[in-house]
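Have a look at the structure below, then the notes.
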Amino acid sequence: MRLRVEKSTALYRSLTAAAIVGTALWATGLWRWSAWQLPAAYSIDALEVLARLKLSGQLGLAFFFDKTMPPIGAPWGADWSSYPMPDAPLFILFGKIGATIGLIPASNLALLFAHLSAVAVFYLCSRALGHRTPFATGAAVLFGFSFYLLHRSLSHFSFTLAYVVPAQLLHVWLIGSGHQLLRLARWRWFGIATAVATGMGNPYFGFAYCLLMGGALAYQAATARRRANLRWGGICLAIFFGTLVLLNYSSLLAMLRGDSGLERNYAATELYGLRPIEWFIPPPSHRWGEVGAIGERYAAVSTFKGELFSPYFGLAGLAGLLCMIGSIVRRWRRGGPRARPGYAAAFSGITIFFVIGGINSLLAFGGLDLFRAGNRYSIYLLALALFALASWASRAGRRVSPVAAVVITTALVAIGLWDQVPKPRSSSANAALANQIAIDREVGAALDTQLPAGAAVFQLPAVPFLEQPPVHAMTDYELFRPWLFTERTRFSYGLLANERALRWERYVATLPTDLLCAALEEAGYAALYLNKSAFSDGGAQLRSQLKALGKKVLVQAGEHIVFALQPVHTPRLPDLNDARLSDPWHTTLVREDQFHLYAGEGWFPLEHDSSDSWRWAGNEATLLIWSSSHEPQAAELTLEASALRPGVLIANFNRKIVWRVNAGPAPIPKANLFLTLQPGSNLVTFRFNGRAVRPSNADSRILGFKLSNLRIAPKP
């Protein structure tokens with residue numbers, strides 16, 4: 001009899017697993033073979049994810065130690081050490097798979113993994129909480145194929161990898177109120193695995209883990225004070241931070257230097273903050289048109305157009321929310337307010353913290369604005385609601401037979417999935433996407449065929465990688481598209497905004513076409529790429545100029561057009577310390593005979609009124625002077641200076657102090673600095689030994705001194 005039960009159980013599990021995999025294929029639209037050749041998304045953030053997958057696969061384990069990307073940012077290689085890239089192990093895994101089966105099929109496989117891992121982990125956590133198998137399975141399926149995850153999809157792949165969310169919740173409950181469970185080794189290993197997975201994953205999930213664990217430790221310290229719980233909570237936090245630092249040390253250092261390349265502010269917490277109304281608002285893509293119309297109306301009247309509809313709970317999540325409210329009411333009637341049930345306390349805490357105007361907004365207003373998008377934490381709220389639903393169903397259905405429980409759960413899950421899963425892309429949209437990818441493949445193949453291995457392609461427009469506003473009709477990350485389908489060609493796009501190589505790219509892009517080509521050929525570029533959608537005239541003027549110079553078209557397809565260049569036999573990399581690569585001091589270059597002033601490091605943007613112009617700096621900044629003369633020239637630099645707080649301002653030139661003055665709020669009369677300038681770039685360093693401060697609550701800059709009305713001329 002036992003053998004029959006085991007066989008029946010094995011058959012049940014196999015059928016359940018097959019049904020879940022089938023659900024995954026249907027929900028992600030991958031139930032047809034042709035769909036595997038099309039990505040879930042192919043614009044803006046999805047292109048960045050595809051690029052990271054390809055780069056991770058190419059670099060392999062070296063990706064952990066060296067964040068220089070040789071295939072992009074050519075000829076130097078893009079330095080992404082200041083760019084946080086979560087989930088690196090998984091990106092490397094699926095990147096390697098992509099090298100075998102193709103980048104796009106690998107991206108779809110990665111998405112399947114994200115959804116199925118979310119189902120599996122939620123199920124295991126739900127069972128650990130004592131929920132009956134059918135109800136735990138149903139809640140897990142609804143979590144793994146929630147609208148949140150399907151909506152994030154490939155564009156926000158690190159958010160789609162939400163398998164850590166239910167694991168975190170169970171782990172902090174064990175720490176906060178577990179009795180004997182932590183004495184079992186498997187639960188200690190579960191906590192360690194959760195901490196490691198969180199540390200290598202999305203920083204948003206890491207922030208939530210710290211908040212939840214902090215709350216659990218505080219609750220444990222205030223109540224039972226079990227040493228094992230407190231000790232293992234601290235150990236797991238240390239493991240989390242250790243993993244985080246180990247995998248992201250370079251970007252963390254850049255963040256401490258204020259050089260992360262990510263621009264955040266308080267306003268974003270209002271734009272992307274948690275809005276409880278969006279738990280109830282269905283998306284316009286809802287399968288029932290009348291319901292989708294509610295979402296269309298909300299989008300039309302809402303002032304905040306951030307990440308609309310992502311927090312939608314669906315019918316299942318809303319049912320779980322009602323169960324949670326009912327549980328709170330029952331417990332309060334019995335014994336007054338308590339921090340139980342745990343999922344209700346966690347739900348309330350997360351909502352209060354991340355709602356618009358909540359604690360997260362206060363932190364952002366004070367300067368901690370990295371985790372601006374509070375609505376992204378709605379996945380935690382959904383998980384809590386589904387845990388509550390599974391708990392209620394297990395209690396209410398404890399006398400229901402296993403067969404009836406399976407039938408009821410299947411019906412409810414079918415309704416929930418119908419509500420949560422968006423309508424698939426239309427056949428016309430798929431055809432347009434397939435055509436777009438075919439064009440990109442054509443361009444990539446042509447470049448690999450016609451250019452020597454390792455050839456560098458310069459791309460116009462010259463824009464920074466990461467969160468770049470649209471340039472005419474060209475959206476962010478589009479310059480990755482032809483590179484995604486090459487095997488041995490390097491491209492210039494991919495440099496972060498803080499890299500000096502990007503300054504050279506932007507500078508050379510402003511040169512007349514003949515000088516542009518000459519500079520590129522001198523640097524060793526074999527081709528010049530234009531994205532026609534980035535130009536108001538489709539690049540017609542530039543194309544005609546290139547053809548007049550005798551430059552031949554290598555390939556032209558869609559918005560892509562590539563011209564052949566004739567690189568010199570021995571390329572010479574540009575001097576990235578050239579003063580002309582910095583911003584002109586006066587915003588637009590002022591003709592001052594053969595000398596020009598440029599703002600180096602440390603300056604804030606130029607300000608001016610009707611009579612004066614000035615730039616502020618903190619404690620140190622550099623001024624670059626370009627001399628077009630071929631001989632040393634004597635020059636006179638005139639300026640005025642002041643500081644917010646008293647201090648000594650020193651100017652160094654050629655490692656010598658050429659000016660020292662006591663600066664304060666009162667402007668210092670015009671000073672004259674006499675310098676002997678060498679041909680090319682010359683550097684003047686200003687240092688202020690006073691205190692740099694924030695001028696007001698409305699101004700987040702840290703200011704020390706300012707220089708006004710700079711002028712330079714040959715010494716009489």
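A few points about this structure:
- Solvent-accessible surface (1.4 angstrom probe) belonging to S158, in square angstrom, nearest 10: 10
- Computed over the alpha-carbon atoms, the range 1-158 gives an Rg to Rh ratio of 1.08, Rh here being the Kirkwood radius from the mean inverse distance.
- Förster-model FRET efficiency, 35 Å R0, T638 and A698, C-beta, rounded to 0.05: 0.60
- When the Cα positions of W189, V119, L59 are compared along the charge dipole of the chain, W189 comes out farthest toward the positive end, with charges on each C-beta of Lys, Arg, Asp and Glu.
- Count Lys and Arg as plus one, Asp and Glu as minus one, and take only other residues whose Cβ is under 11 Å from that of A617; the net charge is then +2.
- Helices of the chain meeting both criteria, an alpha-carbon length of 24 angstrom or more along the long axis and an average Kyte-Doolittle score not below -0.5, with helices taken as full DSSP H segments, are 2-27, 103-128, 203-222, 227-256, 314-335, 378-396, 402-420, 427-450.
- Residue-averaged 222 nm ellipticity for the chain, from DSSP H runs of 4+ at -39500 (n - 2.57), nearest 500: -15500 deg cm²/dmol
- Kirkwood hydrodynamic radius (C-alpha pairs) into Stokes-Einstein, the range 487-563, 4 °C and 1.567 mPa s, D in µm²/s: 96
- Shape box of the chain [Cα atoms, principal axes, largest first, Å]: 104, 62, 49
- Looking at the range 155-242, the pairs of alpha carbons with a distance over 16 Å make up 47% of the total.
- Computed over the Cα atoms of the range 659-716, pair by distinct pair, the Kirkwood hydrodynamic radius stands at 14.4 angstrom.
- Net charge over other residues, Cβ less than 14 angstrom from the Cβ of N689 (K, R count +1; D, E count -1): +3
- Using a probe of 1.4 angstrom and keeping all protein chains present, the accessible surface of the chain works out to 45 square angstrom per residue.
- Cα coordinate range in the range 266-384, projected on the principal axes (Å, largest first): 45, 43, 19
- Modelled spin-label separation between V661 and Q541, with each label point placed 7 Å from Cα along the Cα-to-Cβ direction: 4.2 nm.
- Lysine pairs in the chain whose alpha-carbon atoms fall under 22 angstrom of each other, counting only those eight or more residues apart or on distinct chains, come to 12.
- Shown is the FRET efficiency for R645 and R227, computed with R0 = 30 Å from the Cβ-Cβ distance and rounded to the nearest 0.05: 0.05.
- For A218 and L322, the FRET efficiency from 1/(1 + (r/R0)^6), where r spans their Cβ atoms and R0 equals 22 Å, is about 0.15.
- Note on surface exposure: K96, K706, K552 rank K552, K96, K706 by accessible area, highest first, 1.4 Å probe.
- Annotation: peptides 159-167, 51-59, ranked by per-residue average of other Cβ atoms within 10 Å with the highest first, follow the order 159-167, 51-59.
- Dipole of the chain, positive end: most advanced residue of A293, A383, W626 [Cβ charges, Cα centre]: A383
- DSSP bridge orientation in the chain - percent antiparallel, rounded to nearest 5: 90
- log10 of Debye I(q)/I(0), alpha-carbon scatterers only, for the range 608-716 at 0.14, 0.15, 0.19 Å⁻¹: -0.58, -0.66, -0.98
- As a ratio to 2.2 N^0.38 Å, the alpha-carbon radius of gyration for the range 454-501 is 1.15.
- Going by accessible surface with a 1.4 Å probe and the largest first, V172, V21 read V21, V172.
- Within the chain: Cβ-based charge dipole about Cα centre, in debye rounded to nearest 20 (Lys, Arg +1; Asp, Glu -1): 3860
- The apolar share of the surface of the range 321-428, taken as the fraction of accessible area on carbon and sulfur atoms (1.4 Å probe, ligands and nucleic acids excluded), comes to 67 percent.
- Relative counts (whole %) of C-alpha pair distances in the range 13-57, using bins that are 10 Å wide: 24, 35, 30, 11
- Once the gyration tensor of the Cα atoms in the range 76-234 is diagonalised, the equivalent ellipsoid follows with semi-axes of 31, 20, 13 Å, ordered largest first.
- Within-14-Å neighbourhood charge of A666 [Cβ basis; K, R +1; D, E -1]: +2
The values are calculated or read from the model by the stated rules, or taken from the named source; none is laboratory data. Note that this is a predicted model, so its numbers are computed, not measured. Glycine gets a Cβ as well: all are built from the backbone with ideal geometry, and neighbour counts include every protein chain shown. Side chains are part of the model used for accessible areas, which takes the heavy atoms of the whole protein and leaves out ligands, DNA and RNA. Shrake-Rupley method; radii C 1.70, N 1.55, O 1.52, S 1.80 Å.
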